[in-house]
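What follows is a single structure, written as structure tokens, with notes after it.
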Amino acid sequence: MGVRIAGYRKGSFSATIVTSDTHRIIDAIWRIESARLIASLARMVRDVGLAEEIAQDALVVALEQWPQFGVPDNPGAWLMTTAKNRAIDLLRRNKLIERKHEELGREMDVQREALTDFEISVDDVIGDDLLRLVFTACHPVLSPEARVALTLRLLGGLTTQEIARAFLLPEPTIAQRIVRAKRTLAEARVPFEVPRGPELAVRLASVLEVVYLVFNEGYAATSGDDWMRPALCEDALRLGRMLAELVPKESEVHGLVALMEIQASRARARIGPSGEPILLLEQNRGHWDQLLIRRGLAALERARESGRGLGPYALQAAIAACHARARTPAETDWECMAALYDALAQLAPSPVVELNRAVALAMAFGPAAGLEHLDRLTSEPALRSYHLLPSVRGDLLAKLGRFDEARVEFERAASLTHNARERSMLLERSAACVRGSVTTKP
Amino acid sequence: MRFMMLMIPKGYEKAEPGATPDPKTVAAMTKYNQSLQQAGVLLALDGLHPPSMGARVSFSGGKPKVTDGPFAEAKEVVGGYWIIQVKSKEEAIQWASRCPGSDNEVIEVRQVQEFSDFPAEVKEAAGQFADRLEHPKKS
């Protein structure tokens, strides 16, 4: 395609960037501008992979020129102009080649149209372009992992190296994933557009899923002792807030933002001094981030304003909000929470939701009510090796004074969890059962 | 990391009570605020009434002493603030640079302290504050 610079990967610059102030500034500008830059270019050239390469080329020019001549007054416009000129050159050159080959087919018309399109409207509809970029990066033709990597790269402004570090994977793995994703999009001729009609809801669900995947990856590691990679939570929140401005009428976008804001508000409280997890009801609520809680509650209000009832993300946010509003665990409105889980179970039935519903029922109407609901789940195949089922069951049995049964459940839960710290916590509870005590304290 | 961008408009220290910016300034500022929101970096923002409507409480000799505004000795005062969530100080500065500020305006960019920035003994002291929030009767 003539625009690739040999061996160039933005991530490889990171080591040198720290040595220079200008490079740090360029890094910051890239983070702010790259998504809009790539989105505008993609509308021009109708290929997100190519658009990103052109944007990267403009960045390389900036890295060469700015340390020498200084950062321009409007760096965003500078990058846009530089990249746009390259794109136009490229389109013209391709046009000539194609004319030579007498291939003035449909493809050409699209490109010519793209060119005039672009020249007519330079800086409006940037929001629309961003939205097109979001839907393209999260296109169902890609695997969920590819969607995540591409979204962080194209919309989050993260380098390949940063993505690799966050996902605890080697850099070449992520680089490969991104290259393949771009190729898949080009080969499948995925149009650079926002889906319409009934397709929109399905595709939006895929976008929200990607954002929440990123958030959860940051919120809790799936195995081992590294519990938090909070930077990914911030990236997901940034993407979510951005989306909420792009599609403000979609209730579930606000629902997801609300859910992430409220979950993130507990980040500081959910890990103890030696890295051990602290369960929600045992967290020091003074460490909950009230600014994020307020933002979460406001986003939940926006989700409600759509008037079409709450979707699965908004319901989960409403559940999280029940905790966030309570100043102490005793003030929690468990009956409301049980009703919300009931609604969630109807909308998005899952054994895990049922498990949480049992907890809410136990808190609202006593451990016996919770246990009754829980016992319907014990034959559920999806929960067979899920440590939280025996863990919750053990808790309810202990509260009912059935310590022998509780001990067995805690031990089973300990054998199922992959998290070392959680295991030791469960074994402590099992030991407490031997002493005939509900809590771990003797 | 979080940064507070403090807007310091020269002359605001002498502004009359109830003084508000003109509609043109507000329109430009609103567009800027929207750009922060659209980028997903804005956490909070507020504008402040002039000091002539406020007061200062000083603690000379450990005793609170109240002075009503305006404050003759004040050379500059805060007119408003934004709290943004970004990846670096450079990014915060870039956002501040995009503000449609006037000749008389200065934005001070300051990083918000996080709990994890504190040494252990400060954390402990701050933890006691958090505990009091949770168990008000215990303190």
* Pairs only if they're at least six apart or on different chains, beta carbon under 9 angstrom, first in region A:236-256 and within 13 Å of chain B (Cβ to nearest Cβ), second of a type in the set (D, E) and part of a loop (DSSP other than H, G, I, E, B); list them, first residue then second. => A:L243/A:E250; A:A244/A:E250
* Residue in region B:60-90 that is farthest from the other protein chains (Cβ to nearest Cβ), counting only those that are of a type in the set (D, E, K, R) and closer than 24 Å to A:R268 by Cα -> B:K89
* Select from region A:282-341 the residues that are over 17 Å from A:A360 (Cα atoms) and among the basic types (K, R) and write down the one among them that is farthest from the other protein chains (Cβ to nearest Cβ). => A:R308
* To do: Could you list, in sequence order, all residues of region A:39-72 that are among the charged types (D, E, K, R), in contact with a helix residue (DSSP H, G or I) (Cβ under 7 Å, 6 or more places away or on another chain) and part of a helix (DSSP H, G or I)?
  => A:R43, A:E52, A:D57
* Please tell me if A:A166 is more than 18 Å from A:V247 (Cβ to Cβ) and within 14 Å of the chain's Cα centre (by Cα). => yes
* Asked: Before we move on, is A:T82 outside the structural domain of A:D27 (by TED's automatic domain parsing), of a type outside the set (K, R) and either buried (at least 16 other Cβ atoms within 10 Å of the Cβ) or at pLDDT below 85 (or both)?
  -> no
* To do: Taking A:E53 as meeting all but one of (1) more than 14 Å from every other protein chain (Cβ to nearest Cβ); (2) farther than 17 Å from A:L133 by Cα, write down the number of the exception.
  => (2)
* To do: Determine which member of the set A:R238, A:R266 is at pLDDT 80 or above, more than 10 Å from the chain's Cα centre (by Cα) and crowded, with 21+ Cβ neighbours inside 10 Å.
  => A:R266
* Structure fact -> Per the filter on region A:351-397, residues small (G, A, S), outside any helix (DSSP H, G or I) and under 28 Å from the mean Cα position of the chain (by Cα) are A:S385
* Asked: Does region B:14-22 include one or more residues that are out of contact with any Ser or Thr (no Cβ under 9 Å at 6 or more places or on another chain) and either surrounded by 12 or more Cβ atoms within 10 Å (Cβ to Cβ) or acidic (D, E) (or both)?
  -> yes
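The values are calculated or read from the model by the stated rules, or taken from the named source; none is laboratory data. Remember, predicted model here, so these are calculated numbers, not experimental data. We place every Cβ from the backbone using ideal geometry, glycine too, and count neighbours over all the protein chains shown.
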